[in-house]
Amino acid sequence: MTRFSAFVLTRLLPVLLALLFAARAVAAAGDIDTAFNTGTGANNTVFAVAAQPDGRVVVGGDFTTINGVARNRIARMNADGSLDTGFNTGTGANNSVTAIVVQADGKVVVGGSFTTINGVARNRIARLNADGSLDTGFNPGAGANATVAAVALQPDGKILVGATVSSGNGLVRKTVARLNADGSLDTSFNIGVVSGVSGAYIKAMAIQPDGKVVIGGDFISINGVPRNSIARLNLDGSLDIGFIAGVNGSVNAVVVQPDGKVMVGGGFTTVNGVSRTRIARLNTDGSVDAGFLGTGASWYVNALLLQPDGKLVIGGAFTSFNGYPRNYIARTNADGSIDTGFNPGMGAGNYVNAIATQTDGRVILGGYFTTYSGVSANRMVRIHTGDADVDGVEDAADAFPTNPAAATDSDHDSLPDAWLQPNAFGCVMDAAACNGLVLDDNVDAIDSDGVPAATDNCPYLYNLDQPDGDHDGI
């Protein structure tokens, strides 16, 4: 053995192994991310979190300070967890912020119980500029007359608003509306009336690729048609009678999978009469998916986050999941079984209300908690989701978690974007339909959008492709 090789073995190798072990240890699924440091954090509950593409995070809730600095119920954190002082809402919201969505242009739509933003009248729905100032170009008029608990953004810029209306006499209320990009009411969308035993509650919404909207909450009928806490709406807001489902409790969270199946979480114990404890997966027609099993959560599920690999991050009020000790946070495999590779240790110290994923796959949690796995974390924390292929993109954002050479799949054809190349089907010329993408021209005969390749103008682009009737290549 040479002196150099002996030096490598005795001195450098242990150091390299230690560094490798430390890197892997930091990225273990369920671990707290200590690089995200919010100081003293929020002084009261966080109800909503939304991650921006640049790594910054918008949070809303009942707090009035972040790390000791005045921020009334809405704030933005930098990628390292520090308060973003460049995002300033002035006096902020005068009541709770319970829903947030970030637009592609950086503007932020917020919903809640407030009636003013920075002293300006805005009844429960408002839009902020990228610097936190009120966007006066978004004018919802009289706004909502009840708490807005859910907000969703359509690809065309229109905004869906779900309200929570409580009454003591079972009165019916219109609880879902759609706003134009300027805040005006879109009168072409009309759900009619939603009724409940003691009011109607819309707590969650998810938009399908075809534009239909799955809503969850606490209600018993839509326009007189029985629908217990879960329903699907057509593009005009009318009830989709082809989706039939019902639960025996509330639905607090809804996620639509790429295959069209729907994950729901809440306070129920049966779905369509079938035992499902606070979490279930539905087929595209609303029937229970028997392929998603488990004993479920010991108490309420409040938030769901679907990973590209089909695994599901779950937050709520539970202390066990599928019989495993899991304090307020857990992850399942695609079949519903507990993911034992995701170990949150002691978990969150109290309820988790919201979950959002960042572009690198790390996950932000917001809620009532003040600790995570025994470490101080006041109402928000960032955790690792694992990096199985050690490519720098954690599993919550990695479409190919076991392939270190690939992480994204823009057209959902199960082929990595790393294989992108020009094709001969007109897609590269069709900026409106194909978003200017050069798509992979490989072995995909049908891209799962329901249009056969022989009649599909863009057979490699999922869901946006259309026949080319006039043969103009677009």
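The values are calculated or read from the model by the stated rules, or taken from the named source; none is laboratory data. Predicted, not measured: the structure shown is a model, and the values here were computed from it. Here the Cβ is made from the backbone with ideal geometry for all residues, glycine too, and neighbour counts use every protein chain on show.
Tell me, which residue of segment 310-358 that is of a type in the set (Phe, Trp, Tyr) and over 20 Å from Asn378 (Cα atoms) is farthest from the chain's Cα centre (by Cα)?
Per the stated criteria, the residue is Tyr324.
Inspect all residues belonging to segment 250-260 and state whether any of them is farther than 19 Å from Leu306 by Cα, under 23 Å from the mean Cα position of the chain (by Cα), modelled with pLDDT of 95 or more and surrounded by fewer than 24 Cβ atoms within 10 Å (Cβ to Cβ).
Checked segment 250-260: at least one residue is farther than 19 Å from Leu306 by Cα, under 23 Å from the mean Cα position of the chain (by Cα), modelled with pLDDT of 95 or more and surrounded by fewer than 24 Cβ atoms within 10 Å (Cβ to Cβ).
Condition test on Thr319, is it of a type in the set (Val, Ile, Thr), without any contact (Cβ under 8 Å) to a residue 40 or more places away in the chain and surrounded by fewer than 24 Cβ atoms within 10 Å (Cβ to Cβ)?
The answer is yes for Thr319.
Can you tell which of Ala104, Ala144, Ala152, Ala206 is in contact with a strand residue (DSSP E or B) (Cβ under 6 Å, 6 or more places away or on another chain) and free of Cβ contacts under 8 Å to residues at least 40 places away in the same chain?
Step by step, each of Ala104, Ala144, Ala152, Ala206 is checked, and only Ala144 is in contact with a strand residue (DSSP E or B) (Cβ under 6 Å, 6 or more places away or on another chain) and free of Cβ contacts under 8 Å to residues at least 40 places away in the same chain.
Taking Asp54 and the conditions (1) modelled with pLDDT of 95 or more; (2) among the charged types (D, E, K, R); (3) under 20 Å from Gln358 (Cα atoms), which numbered condition does it fall short on, given that it satisfies the others?
(1)
Taking strands (runs of 3 or more DSSP E) that do not extend beyond segment 239-351, which have at least 2 residues that are among the small types (Gly, Ala, Ser)?
262-266, 312-316
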